[in-house]
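Novice: Structure incoming, see below.
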Amino acid sequence: MEYGLIGEKLGHSYSKIIHEKLADYDYAITPLSKEAFEPFMKAREFKAINVTIPYKKEVIPYLDVLDDNARQIGAVNTIVKKDGLLIGHNTDFPGFLYMIEHNGVDIAGKKVVVLGNGGAAQAVLAVLHFLKAGEIIVVKSRSGDGVITYEDCLKFHSDAQIIINTSPVGMYPKIDASPVDVSLYKECEAVLDIIYNPLKTTLLLQAEELGIKAVNGLEMLVAQAKYAVEYFLDKEIDDTVIDEVYHMILKEL
């Protein structure tokens, strides 16, 4: 494999379609079990790869260099082999920033609830700090250091203005699931879900029904892929291609 994606379960992925629209190379979708992950990383038999759930943090010990962005976030979704070294980048940060700005979601000073605390959440949190969110609450099924439960979130933070889902709840094939009941968050102005399959999760459909701005994760996926291609091929690509590829894929779907 020269270029491709690694992760545990990749049946839902649109990355091959996107990369092969953005660049002239074959892009391999490569599911790796937890047992197969270490041998793959030690073999280093690729030019450049993307990384998704659950390996965005796990790849870091196998890398020789982290760029500043990836180091600060603590997660890697893009790896490039250069002069025999594996270099880790994080394009989820600019991808999520594009998603927010392109959809006109105002973050500054707002109370934001982030559902999930995995590798993707780290980039989301970094963007929220960059955009000067007022208060950020991180939610998981179990409480821990800096993380509260869904029950406590509803009890103490039902006045949240922005809800962002970085968890896999609602992803294909379990599309009927939703991490929260948006109707209980009376001050909510926007719901963003980084899930892109389905395009409209149960969470987003409920937000739409309530007249709340609802943004799916496909734009972020295309944007982060564009920034990854720039690292893969060591060249700049105009941001206008993001919207072009996004609408191409919408038509195909």
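Novice: Only one of L221, L199, L205, L210 is surrounded by 18 or more Cβ atoms within 10 Å (Cβ to Cβ) and either farther than 20 Å from L5 by Cα or among the aliphatic types (A, V, I, L, M) (or both). Can you tell me which?
Specialist: L221
Novice: Identify the residue in segment 224-247 that is buried (at least 22 other Cβ atoms within 10 Å of the Cβ) and in contact with a strand residue (DSSP E or B) (Cβ under 6 Å, 6 or more places away or on another chain) and, among all such residues, is farthest from N90 (Cα to Cα).
Specialist: F232
Novice: May I pose another question? What residue, among those in segment 25-37 that are over 21 Å from the mean Cα position of the chain (by Cα) and charged (D, E, K, R), is surrounded by the fewest Cβ atoms within 10 Å (Cβ to Cβ)?
Specialist: E35
Novice: Further, regarding this structure: Among the numbered criteria (1) under 23 Å from G95 (Cβ atoms); (2) of a type outside the set (F, W, Y); (3) in contact with a helix residue (DSSP H, G or I) (Cβ under 6 Å, 6 or more places away or on another chain); (4) not in a strand (DSSP E or B), which one does N197 miss?
Specialist: Result: N197 passes all but (3).
Novice: When the residues of segment 224-238 are narrowed to those that are part of a helix (DSSP H, G or I) and of a type outside the set (S, T, Y), which ends up farthest from V76 (Cα to Cα)?
Specialist: Here the answer is L233.
Novice: Looking only at residues in segment 116-130 that are outside any helix (DSSP H, G or I) and not polar (S, T, N, Q), which one is nearest to N50 (Cα to Cα)?
Specialist: G118
Novice: Using beta carbons and a limit of 6 Å, which pairs, at least six apart or on different chains, have the first residue in segment 1-21 and over 20 Å from D243 (Cβ atoms) and in a loop (DSSP other than H, G, I, E, B) and the second one of a type in the set (A, V, I, L, M) and at pLDDT 95 or above?
Specialist: Filtered contacts from segment 1-21: M1/A28; L10/I29; S13/I29.
Novice: Separate question: Looking at (1) modelled with pLDDT of 95 or more; (2) within 18 Å of the chain's Cα centre (by Cα), find the lone condition where V147 falls short.
Specialist: (2)
Novice: Over 13 Å from Y98 (Cα atoms), without any contact (Cβ under 8 Å) to a residue 60 or more places away in the chain and over 16 Å from the mean Cα position of the chain (by Cα): which single residue out of L233, L250 fits that description?
Specialist: After applying the criteria, what remains is L250.
Novice: Could you please find all residues in segment 22-37 being assigned to a strand (DSSP E or B) and in contact with a helix residue (DSSP H, G or I) (Cβ under 6 Å, 6 or more places away or on another chain)?
Specialist: Y27, I29
The values are calculated or read from the model by the stated rules, or taken from the named source; none is laboratory data. Just so you know, these numbers come straight off a predicted model, no measurement behind them. Cβ sites come from the backbone with ideal geometry, for glycine too, and all protein chains shown count toward neighbours.
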